[in-house]
Amino acid sequence: MIQLRGVSKSYGGRVLFAGFDLDLVPGKTTVIMGKSGSGKSTLLRLCNQLERHDQGSVSLAPIDIPAGLPHGEWQRRATALRRRTGMVFQGYQLFPHLNVLDNVTLALRVVQKVEPLVAAAKAVAMLELVGMAKAVDRFPARLSGGEAQRVAIARALATEPEVLLLDEPTSALDPASTASVVAVIADLRQRGFTLAMVTHDPELGRSLADHLVELA
Ligand SMILES: Nc1ncnc2c1ncn2[C@@H]1O[C@H](COP(=O)(O)OP(=O)(O)O)[C@@H](O)[C@H]1O
Ligand SMILES: [Mg+2]
């Protein structure tokens, strides 16, 4: 699973990570906690290489990405690694002009070139997993925050990623919506999905974590 070895990352002279190691374990949930600005989002973005590291290596076997690769080669390996991951953001980022089904099938159709009927079947299966299969033809503007976030989770899972990265998935939600999203994440964990979740809710973090990473 995703491995960081001796990873360093700085922004404008400020060192966020120095010689940092991380192992995401198959079938386990890693929770990342720490105060605002401690680098939680950056850590997830290093895991899927939306962000490049300055030193060390990031790998998802057999892909290994040492620091300092020529740009084109980094991009090639980073894209290959990223396609094996799924990401869910705090603000869901659903496409407003697409209904729920089209949001969930988009990557399957466009990136993976899966046939529309096959893509739809996969999408419905993922929407069932998050309790949103009845909403296939609704548009994002008509969803509550919790519903939208559950659709975002289904969308991230549609391409069958080996790991799901969740960046503060409940922090923009009211308590009822939070509860519905937490129930989905707990269910995925129970089913043996590999998860890495950032949260600044200590109670939520401890309740879901198989492994806890605290950033200073
Ligand atoms: N692309 C970037 N360019 C410059 N600085 C950044 C960038 N991304 C994050 N940072 C800085 O790195 C620090 C950690 O950010 P972040 O990982 O978003 O923290 P967290 O998610 O824990 O709040 C912050 O000080 C932030 O301003
Ligand atoms: Mg953040």
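The values are calculated or read from the model by the stated rules, or taken from the named source; none is laboratory data. Just so it is clear, the structure is predicted and the values come from calculations on it, not from any experiment. A quick note on method: Cβ atoms are made from the backbone with ideal geometry, for glycine too, and the neighbour counts reach across all protein chains shown.
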For this session: Pull up the range 8-31, narrow it to residues that are touching a helix residue (DSSP H, G or I) at 6+ places or on another chain (Cβ under 9 Å) and among the hydroxyl-bearing types (S, T, Y), then point me to the one that is nearest to ligand 2 (Cβ to nearest atom).
Result: Y11
For this session: Within the range 32-62, track down each residue that is touching a Lys or Arg at 6+ places or on another chain (Cβ under 8 Å) and within 16 Å of ligand 2 (Cβ to nearest atom).
Result: I32, M33, G34, G39, T42, L46, N48, L50, E51
Problem set entry | strands (runs of 3 or more DSSP E) completely within the range 1-99 that count 2 or more residues being in contact with a strand residue (DSSP E or B) (Cβ under 9 Å, 6 or more places away or on another chain), among the β-branched types (V, I, T) and surrounded by 14 or more Cβ atoms within 10 Å (Cβ to Cβ) | 29-34, 85-88
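Considering each of P161, P169, P175 in turn, give the residue that is more than 16 Å from ligand 2 (Cβ to nearest atom), touching a residue at least 60 places away in the same chain (Cβ under 8 Å) and not hydrophobic (A, V, I, L, M, F, W, C). Give the steps one after another, and end with the answer.
Working: P169 fails: more than 16 Å from ligand 2 (Cβ to nearest atom); P175 fails: touching a residue at least 60 places away in the same chain (Cβ under 8 Å).
Within the list P161, P169, P175, the selection yields P161.
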Exercise. Can you name the residue in the range 139-161 that is of a type in the set (D, E, K, R) and surrounded by 16 or more Cβ atoms within 10 Å (Cβ to Cβ) and is also nearest to P202 (Cα to Cα) among such residues?
Worked result: R150
For this session: Go through R84, R77, R45 for me and flag whichever is within 19 Å of T159 (Cβ to Cβ), at pLDDT 95 or above, more than 16 Å from ligand 1 (Cβ to nearest atom) and under 12 Å from the mean Cα position of the chain (by Cα).
Result: R84
Exercise. Is it the case that the range 204-215 has a residue that's more than 20 Å from L4 (Cβ to Cβ), among the acidic types (D, E) and touching a residue at least 24 places away in the same chain (Cβ under 8 Å)?
Worked result: no
